[in-house]
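**Q** My structure is below; once you've seen it, I'll send some questions.
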Amino acid sequence: MRSELSLLSLLLTITLLWTTSPDTYAEIVVTHPEIRETTDHYMVNAEFSYTMGKSVVDALKNGIPLIFVAEYIVEEVAPFWATNPVIQQREHSFVLSYREFTNRYYLISLDNNSHGAYGTIEEALNKMMVRHDAMIIDKSLLSDDKSYLVKMRSSIDSKALPGLIRPYVYTPYLWPEWKLDSGWHTIKIEQ
Amino acid sequence: MRQRPSGLMRRTVAIATAIVGTLSTAIAFILLAVSIHDPDTIGALFPYIVFTSTVGLLILFSTISLNLYRLVRKFLAGESGAQLHFRFVGIFVSLALIPILVISLFTTQILQQQDRGEEEIAYALEGSRALYKTALNEKKKRIIDNLYKLESTLSSAPHNMVDLLLEEAREENGAVEFALYDFSGSQIGISSMLSEPGLIPKPLGTLVVNQIQQGLEYHKVEGHEDLDQILHIAIPIHNYYSERGERRILSTYYTIPKQLQTGKEKISDAVMRNKKRLYLESQRGTVHNIAFVLLLLLSLLSALWFAFYSTRRLTDPIHELAKGTRSVAAGIYNQPIPHISNDDLGFLVQSFNDMILNLDHTHKNLQQSQQLIEHQNTRLEGILSHLSSGVIVLDSQRRLERINTAACTILDSKITPTPGIPLGVIAQHHPHIMPLANSLQSHIQSSKREWSESLTITTSHGIRHLFCRGSCLIEKGQLKGFVVVFDDVTELISAQKNAAWSEVARRLAHEIKNPLTPIQLSADRLRHRYLPKMSEDEGAVLDRATNTIVQQVDTMKRMVQAFSDYARAPKLQITTFTPATILEEVAELYQAQHPDHIKLQIEGPLPNLEGDVDRLRQILNNLIKNGLESCGESDVADVTITAKAVENTLQIKICDNGLGIDSELKAQIFEPYATTKPKGTGLGLAIVKRMIDEHNGEISLTSSGQGSCFELTLPNQHEAQG
């Protein structure tokens, strides 16, 4: 019995080592999230740090446009057994593409259709990084006797990807370079 | 059979694992088939494919590893069937792997044959770029030509007029920015639609300045965040005809012409579409490769598992058969092999079970037969041991097979049957039985089926007369051996002789005794009547003659009395007496006559004896008298009487130092008329023997050249003879 457990442990270790290879690493991290209060509003600011893996850049350079979505949700804090009701939500979407003819990266904001062309991917990603006043919360929507949370995350829109690329995004534990989801970052609104 | 809880749990876990593994593998196969058929679904199905495949592969891998581990352990332990199991697994795995690997090789080759259109795209892209550059160069030439036309104006324009002139020139030339710098790169003036002029004018880039200072023109397509690409052209300007003119640099930005821009975008779109197509093709290959690898692994491990399973199904009955064979070899016939299947192996197992059932039945019968034989042997041994007749059984090769206790007693030899040793060889170690062995030999050689013979052998008890009856043992017409039954008829012959002699003695006593007294009286009368009347000479003759008659008649009377005593067998008067007293009385009687020749030794206290006192006294008298007379008429021998108690008997030894008894006579010394004395009747010892027999005692003689020794053994308690 002990030898059988050892065998399983060995297999598990090999699997973990394979899935956490540092050469194929990518991530989206929420940095410097903050809520700024004005007289009538709460202004949500956020920065996202994007690190693209080689495979993602390869896909981009091969004509696969990537749509990054930044989501912001204001939730009322409900008891633990209930789902938090959503008070307000907003999305910012960017399409990042590449043209080999000009060797330039193009970033289009789907919110205001603004666009830009950049010589390097870092420039384009930096353009997406800072979101000033990404969400404006009207104080009239909030009650003083309740608690509220602001959740934010940025991820790649897997549904917009071609079907043959989606497996990478759906199984990020197998393809860490396709782990393009920051996960939800939560900030409590201090009233 | 009730299973132990741990065993039941293990079995349950094994069944559950097998079900989960089979379901996962099957679902993985189905999902893979669906996704290969419709690649668009692979995105949604992929997580499920990965999950089910992983579960299936893990279970399969664990099961195979466990099976392999157990098999290797069995193989190393040298368990029966492990080698066969190993070999079968090897064969099945090879049979499963070879086609899978061949198919894999070809499939991999097919998958690797992707569309090689990348080079064509690069070629088209290069051509498009060249074309684009050519068109752009033409545009640049024209722009540069136009810019040089402004050389004279701008080289000598005062600084305060520069901006105005640049504005006019920019609008006139359709540029997005006109800027004028001195020859070191410092800005003199600017008219731009790209950016608002700053408080601090931006100097021209060093690279541009250096190139201009070398007398070269600068032109480059640069990226712009909003306009995508813009054309940057800088030229040196100097008015050689005006003394006021100075060397300056004119830097201009133009947008890419719309036609070129549109063409570029179309080319770019086409290139990117093709690149995307190729990329997705390669991803399709990757996904197919993953699917193929999963399929391959699932197929491979399934085949391996099936190989183990099939082999176990195949070798389990063989293993059980081997175990059963070992059990049979160890003599265990009541452990049938569990019936596993209804195939050929099941038939073999069933046949084996039938066989061991038959063997068990036969073995039990054999055991019963053996027990019966042993019982019969024991019974036969008991019968033979209780037989008074001696029994000897020989095999067909005349080797001793069986001899009973009576035979050993009669032959006075402790013979044990030794396998393979003929009777003749045994006889060499036991000379007593040599006459019997020779007799058997001669009768066997004469090929008689049955025979009988009287034999005489000499044992430590003297000469024994045997009556033998022999026969051949024949079974189904074949000679299997010989059996010899013999009896010691010595006592019988002796009794017959005694009876005969008793009859003779009685008749002699009866017939002779009667006339003896008249003869004696007649002789006395003759002497008394005629002796006085006769002369002295004649009287002397008559006197001698009558004396002789009277003496001889006396002798005859004594002889007749002896005969009478021998023939007469008065009833025993059994009393309990002290044997020491009798011994002392008899010894004193003879010590009075021969004080120096009689010696009595009584060793230890003698128990009381039941018997006829008078007969015992007569026995002692006869033996002591014989002993005293054993030196002949002229001399008196020394007689030593020794008595002691041995177990429940009284042992008396009467030894003399006389002349002894010849060995020839010794064998028949106790028979009537056997005597060493010239005037003896030869009845004394015969009478002694008969009296001893009446007391259930024994008498034996040991004699040497220096005398004889009679040893009497009398039981302390008398038992009436039947």
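**Q** Considering only residues of the stretch B:55-74 that are of a type in the set (A, V, I, L, M, F, W, C) and under 30 Å from the mean Cα position of the chain (by Cα), which is surrounded by the most Cβ atoms within 10 Å (Cβ to Cβ)?
**A** Only one residue fits best here, namely B:Leu71.
**Q** So, one more: Can you find even one residue in the stretch A:164-176 that is closer than 18 Å to A:Glu37 by Cβ, more than 9 Å from chain B (Cβ to nearest Cβ) and either within 19 Å of the chain's Cα centre (by Cα) or buried (at least 18 other Cβ atoms within 10 Å of the Cβ) (or both)?
**A** no
**Q** Something else: What residue, of B:Leu97, B:Leu105, is away from chain A (no Cβ under 14 Å), of a type outside the set (S, T, N, Q) and exposed (fewer than 13 other Cβ atoms within 10 Å of the Cβ)?
**A** So the residue among B:Leu97, B:Leu105 that is away from chain A (no Cβ under 14 Å), of a type outside the set (S, T, N, Q) and exposed (fewer than 13 other Cβ atoms within 10 Å of the Cβ) is B:Leu105.
**Q** Which condition does A:Glu76 not pass, out of (1) over 29 Å from A:Trp178 (Cα atoms); (2) without any contact (Cβ under 8 Å) to a residue 24 or more places away in the chain; (3) of a type outside the set (A, V, I, L, M), if it passes all the others?
**A** (2)
**Q** For A:Thr38, only one of the following conditions fails: (1) more than 25 Å from A:Arg131 (Cα to Cα); (2) without any contact (Cβ under 8 Å) to a residue 12 or more places away in the chain; (3) not aromatic (Phe, Trp, Tyr). What is its number?
**A** (1)
**Q** Are any residues in the stretch B:444-474 at pLDDT 85 or above and farther than 30 Å from B:Ile669 by Cα, and if so, which ones?
**A** If the condition is that a residue be at pLDDT 85 or above and farther than 30 Å from B:Ile669 by Cα, then B:Glu450, B:Trp451, B:Gly470, B:Ser471, B:Cys472, B:Leu473, B:Ile474 are the ones that fit.
**Q** Ok, one more. Counting only residues that are on the phi < 0 side of the Ramachandran plot, surrounded by fewer than 18 Cβ atoms within 10 Å (Cβ to Cβ) and not in a strand (DSSP E or B), which one in the stretch B:695-721 is modelled with the highest pLDDT?
**A** Out of the qualifying residues, it is B:Asn716.
**Q** Wholly within the stretch A:52-156, which strands (runs of 3 or more DSSP E) include no fewer than the required count, namely at least 1 residues that are within 14 Å of chain B (Cβ to nearest Cβ)?
**A** Those strands (runs of 3 or more DSSP E) span A:66-76, A:86-99, A:104-109, A:115-118, A:148-156.
**Q** While we're looking at this one, here's another question. Is at least one residue of the stretch B:81-97 modelled with pLDDT of 85 or more and among the aromatic types (Phe, Trp, Tyr)?
**A** Scanning the stretch B:81-97, I find no residue that is modelled with pLDDT of 85 or more and among the aromatic types (Phe, Trp, Tyr), so the answer is no.
**Q** Being touching a Gly at 6+ places or on another chain (Cβ under 9 Å) and not assigned by TED's automatic domain parsing to the domain that holds B:Leu411 narrows it down to one of B:Ala562, B:Ala540, B:Ala580, B:Ala523, so name that one.
**A** B:Ala562
**Q** Can you tell me which residues in the stretch B:368-406 are among the aliphatic types (A, V, I, L, M), farther than 17 Å from B:His443 by Cβ and surrounded by 16 or more Cβ atoms within 10 Å (Cβ to Cβ)?
**A** If the condition is that a residue be among the aliphatic types (A, V, I, L, M), farther than 17 Å from B:His443 by Cβ and surrounded by 16 or more Cβ atoms within 10 Å (Cβ to Cβ), then B:Leu384, B:Ile403, B:Ala406 are the ones that fit.
**Q** Could I ask something else about it? Go through the stretch B:310-361 and give me each residue that's among the polar types (S, T, N, Q) and surrounded by fewer than 18 Cβ atoms within 10 Å (Cβ to Cβ).
**A** Those that are among the polar types (S, T, N, Q) and surrounded by fewer than 18 Cβ atoms within 10 Å (Cβ to Cβ): B:Ser310, B:Thr325, B:Ser327, B:Asn334, B:Gln335, B:Ser341, B:Asn342, B:Gln350, B:Ser351, B:Asn353, B:Asn358.
**Q** Scan the stretch B:523-574 for residues that are buried (at least 16 other Cβ atoms within 10 Å of the Cβ), small (Gly, Ala, Ser) and in contact (Cβ under 8 Å) with a residue 60 or more places away in the chain and report the count.
**A** 2
**Q** For the stretch B:1-40: of the residues being polar (S, T, N, Q), assigned to a helix (DSSP H, G or I) and within 23 Å of B:Pro338 (Cα to Cα), which is modelled with the lowest pLDDT?
**A** B:Ser6
**Q** Please tell me if B:Ala643 is part of a loop (DSSP other than H, G, I, E, B), at pLDDT 85 or above and buried (at least 20 other Cβ atoms within 10 Å of the Cβ).
**A** For B:Ala643, the condition - part of a loop (DSSP other than H, G, I, E, B), at pLDDT 85 or above and buried (at least 20 other Cβ atoms within 10 Å of the Cβ) - is not met.
**Q** Looking at the stretch A:136-159, I want the residues that are farther than 20 Å from A:His185 by Cα and have a partner that is of a type in the set (A, V, I, L, M) with Cβ atoms under 6 Å, at least 6 apart or on another chain. Which pairs are those?
**A** Note: pairs meeting the criteria are A:Leu141/A:Ile87.
**Q** Here is a follow-up. Keeping to the stretch B:621-671, report how many residues are under 60 Å from the mean Cα position of the chain (by Cα) and touching a residue at least 60 places away in the same chain (Cβ under 8 Å).
**A** 3
**Q** Check off (1) part of a helix (DSSP H, G or I); (2) in contact with a helix residue (DSSP H, G or I) (Cβ under 9 Å, 6 or more places away or on another chain); (3) closer than 21 Å to B:Gln83 by Cα for B:Ile337 and give me the number that stays unchecked.
**A** (1)
**Q** For the stretch B:156-184, which residues satisfy the criterion of being of a type in the set (Ser, Thr, Tyr) and farther than 21 Å from B:Leu207 by Cα?
**A** B:Ser156 - this is the single residue of the stretch B:156-184 that is of a type in the set (Ser, Thr, Tyr) and farther than 21 Å from B:Leu207 by Cα.
**Q** Now, a different point. Looking at (1) within 14 Å of chain A (Cβ to nearest Cβ); (2) surrounded by fewer than 17 Cβ atoms within 10 Å (Cβ to Cβ); (3) closer than 30 Å to B:Leu321 by Cβ, which is the one condition that is false for B:Gln83?
**A** Tallying (1) within 14 Å of chain A (Cβ to nearest Cβ); (2) surrounded by fewer than 17 Cβ atoms within 10 Å (Cβ to Cβ); (3) closer than 30 Å to B:Leu321 by Cβ, B:Gln83 fails exactly one: (1).
**Q** Still on this model: Which residue, of B:Ala77, B:Ala28, is among the small types (Gly, Ala, Ser), over 30 Å from the mean Cα position of the chain (by Cα) and more than 10 Å from every other protein chain (Cβ to nearest Cβ)?
**A** Testing whether each residue is among the small types (Gly, Ala, Ser), over 30 Å from the mean Cα position of the chain (by Cα) and more than 10 Å from every other protein chain (Cβ to nearest Cβ) leaves just B:Ala28.
**Q** Another question about this same structure. Which of (1) in contact with a Cys (Cβ under 9 Å, 6 or more places away or on another chain); (2) loosely packed, with under 11 Cβ neighbours inside 10 Å; (3) of a type outside the set (Asp, Glu) does B:Ile415 not meet, given it meets every other one?
**A** (2)
The values are calculated or read from the model by the stated rules, or taken from the named source; none is laboratory data. Small disclaimer: the values here were computed from a predicted structure and weren't measured. Here the Cβ is made from the backbone with ideal geometry for all residues, glycine too, and neighbour counts use every protein chain on show.
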